[in-house]
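Here the structure is laid out as structure tokens; the discussion comes afterwards.
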Amino acid sequence: MSKRESSKHKIDRRMGQNIWGRPKSPVNRREYGPGQHGQRRKGKMSDFGVQLRAKQKLKGYYGELREKQFLAIFEEANRRKGDTGENLVGLLESRLDAIVYRAKFVPTVFAARQFVNHGHVTVNGVRVNVGSYRCKAGDVIEVRERSKQLASVLEATQLAERDVPEYIDADHHKMTATFVRVPSLADIPYAVIMEPNLVVEFYSR
């Protein structure tokens with residue numbers, strides 16, 4: 001098992017949920033946590049524990065972001081006008097690696113970050129190799145010509161387990177995707193319930 005796949009499975013086991021909706025998630029077979037004590041009956045979680053779990057789940061979903069990086073995104077969301085939770089998920093979905101994943105150019109968000117880091121995509125015709133690059137509405141993301149025939153890309157576009165959301169206009173023949181708009185929480189096709197309001201409460205303690 002690759003390091004990335006192992007990491008992805010560990011996050012699912014730790015959360016006790018198939019957070020990406022992947023058919024091969026170990027949670028589909030074992031809903032209890034990892035380790036020798038994973039099957040013990042769990043007591044009621046404290047408010048802090050519930051908030052922490054919500055933060056871990058959201059942070060893990062976007063490729064297990066580092067705490068410093070995630071906190072910086074939260075602080076920007078908090079500075080902006082409007083609902084902080086909505087701002088937070090909007091900023092996360094504006095990341096280049098998230099858009100590459102949503103456009104189905106790659107099978108997982110972990111693969112999306114690697115795909116971007118290896119220089120396989122351009123934004124408005126300019127090569128960008130930083131997964132955290134923030135896209136704006138109207139930006140056009142394209143897989144570079146030499147990368148369009150990669151087996152992993154061709155396989156990902158055929159995945160039936162998820163659809164391209166409405167806020168991304170993807171053309172799998174040209175391998176381009178336009179970031180139409182920043183989505184709200186209700187627009188984002190999470191496989192499980194995400195609770196950014198609890199993340200706000202966690203950081204507001």
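The values are calculated or read from the model by the stated rules, or taken from the named source; none is laboratory data. Just so we're clear, the structure is a prediction, and the values are computed from it rather than from any experiment. So basically every Cβ, Gly included, is an ideal-geometry build from the backbone, and we count neighbours across all protein chains shown. Only protein heavy atoms, including side chains, enter the accessible area calculation; ligands, DNA and RNA are left aside. Shrake-Rupley method; radii C 1.70, N 1.55, O 1.52, S 1.80 Å.
The single condition among (1) farther than 19 Å from GLU195 by Cβ; (2) in a helix (DSSP H, G or I); (3) open to solvent by 30 Å² or more (accessible area, probe 1.4 Å) that PRO107 does not meet is (2). Sub-8 Å Cβ pairs linking a first residue in region 170-196 that is touching a residue at least 12 places away in the same chain (Cβ under 8 Å) to a second residue that is acidic (Asp, Glu) and in a strand (DSSP E or B), at least 6 apart or interchain, are LYS174/GLU142; MET175/GLU142; THR176/GLU142; ALA177/GLU142; ALA177/ASP169; ALA177/ASP171; THR178/ASP169; VAL180/ASP169, ordered by first then second residue.
Residues to consider are VAL143, VAL153, VAL164; find the one that is surrounded by 15 or more Cβ atoms within 10 Å (Cβ to Cβ), touching a strand residue (DSSP E or B) at 6+ places or on another chain (Cβ under 9 Å) and at pLDDT below 95. Please lay out each step first, then the result.
On the way: VAL143 fails: at pLDDT below 95; VAL164 fails: at pLDDT below 95.
Exactly one residue qualifies, and that residue is VAL153.
The residues in region 157-186 that are in contact with a Phe, Trp or Tyr (Cβ under 6 Å, 6 or more places away or on another chain) and charged (D, E, K, R) can be counted, and the count is 1.
Out of all the residues in region 77-134, which are hydrophobic (A, V, I, L, M, F, W, C), under 25 Å from VAL200 (Cβ atoms) and touching a residue at least 24 places away in the same chain (Cβ under 8 Å)?
Of everything in region 77-134, those that are hydrophobic (A, V, I, L, M, F, W, C), under 25 Å from VAL200 (Cβ atoms) and touching a residue at least 24 places away in the same chain (Cβ under 8 Å) turn out to be LEU88, VAL89, LEU91, LEU92, LEU96, ALA98, ILE99, VAL109.
For ILE193, are the conditions met, namely being surrounded by fewer than 12 Cβ atoms within 10 Å (Cβ to Cβ), within 17 Å of the chain's Cα centre (by Cα) and hydrophobic (A, V, I, L, M, F, W, C)? Yes, satisfied.
Just checking, does region 88-101 include any residue being among the β-branched types (Val, Ile, Thr) and surrounded by fewer than 15 Cβ atoms within 10 Å (Cβ to Cβ)? Let's see the steps before the verdict.
Step one: filter region 88-101 for residues among the β-branched types (Val, Ile, Thr), giving 89, 99-100.
Still in the list and also surrounded by fewer than 15 Cβ atoms within 10 Å (Cβ to Cβ): none.
The answer is no; no qualifying residue exists.
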